[in-house]
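The values are calculated or read from the model by the stated rules, or taken from the named source; none is laboratory data. These figures come from a predicted structure and were not determined experimentally. Cβ coordinates were reconstructed from backbone atoms using ideal geometry, including for glycine residues, and neighbour counts include every protein chain displayed. These accessible areas exclude ligands, DNA and RNA; they are computed on the full protein's heavy atoms, side chains included. Shrake-Rupley method; radii C 1.70, N 1.55, O 1.52, S 1.80 Å.
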Amino acid sequence: MKPADKRRGGWLALGLVGLVLAGWWFGTPRYEGHSLAYWFNEFHRTSQGQRQPRARHVQRAIQAFGTNAVPYLLELSFNEDYRPWDVRLWSQLTARIHGLNRAGPEAFREYLNARERAQFDPADDASMWFWYLRPPTALVLPSLTNRLQDPRLPIRARAIMLLGCLDATALPHLRPFFTNQDANVRSFAFAALARLDTNAAGAVPDLIVALDDPVLSHFVPAQILHRIGGPARPALPRLRQVWQSETNFDALAASIQIGDEDWGKDALRQSLQPQADPGLRLWALRYLSGQHFLGIPYQLPPITDGKFLLPELSQALQDSDAEVRSPALAALWRLHLDTTGLKPWLEDKLRQPWPTAINTTAEWSECMMASGLLLQLDPAHPAALRFLAARLDDFQAREAVDLLARMDPPSPPALEILQRASLHKDRAVREQAIEAIGEFR
């Protein structure tokens with residue numbers, strides 16, 4: 001072959017490679033010019049750290065990709081070797097070529113080790129993305145049912161969990177696992193059921209039985225019944241028994257959510273009274289404020305409409321112990337109650353000398369929550385912003401930036417504090433502030 005022909009053949013081959021790469025590039029789903037892999041990594045960062053408002057931006061990306069993300073997410077969900085490609089390749093080469101690992105440059109080996117240590121297991125994040133996306137059942141169910149019989153427990157467990165991203169059609173596939181002899185498998189099945197929310201209504205009889213499961217904690221079926229709501233009324237007598245025998249606040253909250261039970265409201269109010277058992281009162285406040293392990297992702301407020309608790313929570317603010325006042329403020333925040341009548345108390349709290357010792361956690365939390373509630377009433381409240389600005393110089397800088405980042409939208413003075421935080425000496429604080437500023441703009 002002549003040299004000219006060889007050159008033409010080389011250019012032709014290069015052009016074909018270019019066309020293939022271009023087809024791959026333009027055929028790959030993208031949002032704002034970034035690939036699925038990029039947004040998946042952003043999803044991991046925001047879901048783990050609950051970074052706001054970047055998380056809201058990632059949610060928009062999830063919805064924009066839609067079902068185009070399903071093949072990618074399924075691959076990640078069931079890929080047991082989630083190490084980076086270069087780490088996997090090096091591992092394969094060193095397994096075949098004796099002595100290669102020792103011969104490799106030390107800096108290169110350290111680089112690969114760092115890459116492997118930094119890598120996270122994407123399976124959990126892929127499941128979370130599925131739960132946000134709620135893809136059509138027909139698109140996902142065949143792949144899941146094929147893996148429900150897999151002999152490997154991690155694969156089988158992942159398939160069970162992902163059934164929770166579907167609708168009521170997942171129930172027949174989940175029900176056999178509710179009575180599985182393996183307690184772990186039962187837990188996976190009920191965790192998936194929790195994701196179905198009202199679509200789990202057909203499983204109410206199973207959940208009533210599960211309340212007597214000696215291995216499962218009662219809060220698991222109780223919180224699933226809470227999510228189902230009205231259709232779970234047949235469970236009310238058993239939930240009341242669980243409350244009376246165990247003082248189980250999950251059972252109590254479920255009873256209020258399902259049937260608006262007067263006895264349940266009275267029991268919760270009585271638990272919050274100053275004359276109640278101190279331990280019971282504190283546990284009730286912490287339950288309402290979210291300071292307990294729910295076991296089910298995407299926490300719901302224990303009471304959807306908690307206005308009936310406003311007198312008791314307001315009374316708790318007069319307690320002499322900050323360990324009582326702090327969760328009471330957090331409960332007001334979490335239940336989205338109107339705190340207009342408490343504005344003078346909140347302002348007075350920030351006028352008092354701020355705590356000076358780092359170990360006074362409750363006092364610091366109390367002041368932080370008071371500033372947040374004031375900003376809900378007035379996004380430019382000077383005392384609240386002054387308190388948060390001062391936090392940039394102490395150990396609560398990240399908490400202050402996170403609170404400001406959750407304002408939607410922030411006031412101009414709040415943006416000025418975020419601008420200052422974008423120059424903070426702590427890298428995590430800087431990044432969070434910069435992200436918040438970028439999203440708000």
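For the stretch 154-206, give the percent of accessible area contributed by carbon and sulfur heavy atoms, probe 1.4 Å, rounded to a whole number.
Result for the stretch 154-206: 55 percent of the exposed heavy-atom area is carbon or sulfur.
Cβ neighbours within 10 Å, averaged per peptide: list 142-151, 380-389 in order, most packed at the top.
Result, highest mean Cβ count within 10 Å first: 380-389, 142-151.
Loop only per DSSP, at most 12 neighbouring Cβ atoms within 10 Å: give me the chymotrypsin sites (Phe, Trp or Tyr not before Pro) in the stretch 121-175, ordered by residue number.
Sites meeting the loop and neighbour criteria: none at all.
Heavy atoms only, probe 1.4 Å: what % of the accessible area of the stretch 209-274 goes to carbon and sulfur, would you let me know?
On the stretch 209-274, the fraction of accessible area on carbon and sulfur atoms equals 46 percent.
Using a cut-off of under 13 Å, list every residue of the stretch 159-197 whose amide N is near the label point 7 Å from the Cα of residue 215 along the Cα-to-beta-carbon line.
Answer for this model: 177-190.
For the stretch 323-419, what is the accessible area per residue in Å² when the probe is 1.4 Å?
Normalised by residue count, the accessible surface of the stretch 323-419 is 45 Å².
On the accessible surface of the stretch 326-441, probed at 1.4 Å, how many percent belong to carbon and sulfur atoms?
The computed percentage sits at 54.
Would you grab the residues whose amide H sits under 5 Å from the one on residue 339? Only those 5+ places off in sequence or on another chain, please, with H modelled 1.01 Å from N.
Close amide H contacts, sequence-distant or interchain: none at all.
Sorted by accessible area with a 1.4 angstrom probe, largest first, how do 307, 349, 265, 425 fall?
The most accessible residue leads, giving 425, 307, 265, 349.
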